[in-house]
Amino acid sequence: SEFDVVKFAEDITEDMQSLAKKEQQIVFRHTGQGHLVTLNSSLLKNCLINLISNAIKYSGPDSLIEFRTKTTGSYLTIIIKDNGIGIPKEDQQHLFEAFFRAHNTGNIPGTGLGLNIVTRYVALMNGKVRFKSQVNEGTTFTITFPIRPNFPGN
Ligand code: ATP
Ligand code: MG
């Protein structure tokens, strides 16, 4: 159903900030005119919690996590960017497989299921997940959804 994506993202930012490490800052920013989108908000919320939890878990105690939403007439784009440990190039092709964990996770706990679920949920919403990552520099996840334009008469 239809909801205000900015209000939605601000609430998630607040919830996730309380789970972040001591000096980590989650910064939210929206660009674009429209705030209303039609998507399954519980599936979307689950995806964002997974991605922001990963950003928190796989980056340092005083790092910055950028959370951005952007609306255009026909797309909603969501970006989650961290300055964390990054994902080794040779592991990137396996990232969405169930139970897969990259080789640089050391003793950071996890089951390797979060991203597999994210890709399934995003696919259910007709969206696409992409990422870019560099070891010791950070990771950026981008999700793009087609959204119904909000023009009068539509
Ligand atoms: P969980 O099932 O609890 O989420 P997990 O975090 O290990 O466990 P995924 O979220 O599926 O599993 O992520 C899979 C792997 O991808 C992680 O184990 C980690 O190696 C890598 N990864 C995911 N997000 C990041 C990130 N933001 N920075 C660095 N590595 C990441
Ligand atoms: Mg995870």
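The values are calculated or read from the model by the stated rules, or taken from the named source; none is laboratory data. None of these values were measured; they are calculated from a predicted model. With ideal geometry, Cβ positions are generated from the backbone for all residues, glycine too; neighbour counts draw on all protein chains shown.
So here's what we get for this one:
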{"read-out": "Which numbered condition E2 misses (of (1) at pLDDT 95 or above; (2) surrounded by fewer than 15 Cβ atoms within 10 Å (Cβ to Cβ); (3) among the acidic types (D, E))", "value": "(1)"}
{"read-out": "Selection from segment 56-96 of residues that are within 13 Å of N136 (Cα to Cα) and either aliphatic (A, V, I, L, M) or under 13 Å from the mean Cα position of the chain (by Cα) (or both)", "value": "D82, I85, I87"}
{"read-out": "Of all residues in segment 125-137 being in contact (Cβ under 8 Å) with a residue 40 or more places away in the chain and among the polar types (S, T, N, Q), the one that is nearest to Y75 (Cα to Cα)", "value": "S133"}
{"read-out": "Candidates G86, G106 - the one that is closer than 26 Å to Q24 by Cα, buried (at least 16 other Cβ atoms within 10 Å of the Cβ) and modelled with pLDDT of 95 or more", "value": "G86"}
{"read-out": "Segment 16-37, subset in contact with a helix residue (DSSP H, G or I) (Cβ under 8 Å, 6 or more places away or on another chain) and without any contact (Cβ under 8 Å) to a residue 40 or more places away in the chain, residue farthest from F145 (Cα to Cα)", "value": "L19"}
{"read-out": "Options N83, N126: the member that is on the phi > 0 side of the Ramachandran plot and away from ligand 2 (no atom under 16 Å from the Cβ)", "value": "N126"}
{"read-out": "Residue that is farthest from ligand 2 (Cβ to nearest atom), among those in segment 48-66 that are of a type in the set (A, V, I, L, M, F, W, C) and touching a helix residue (DSSP H, G or I) at 6+ places or on another chain (Cβ under 6 Å)", "value": "I65"}
{"read-out": "Spans of helices (runs of 4 or more DSSP H) in segment 38-124 with at least 2 residues more than 7 Å from ligand 1 (Cβ to nearest atom) and touching a residue at least 60 places away in the same chain (Cβ under 8 Å)", "value": "41-57, 114-124"}
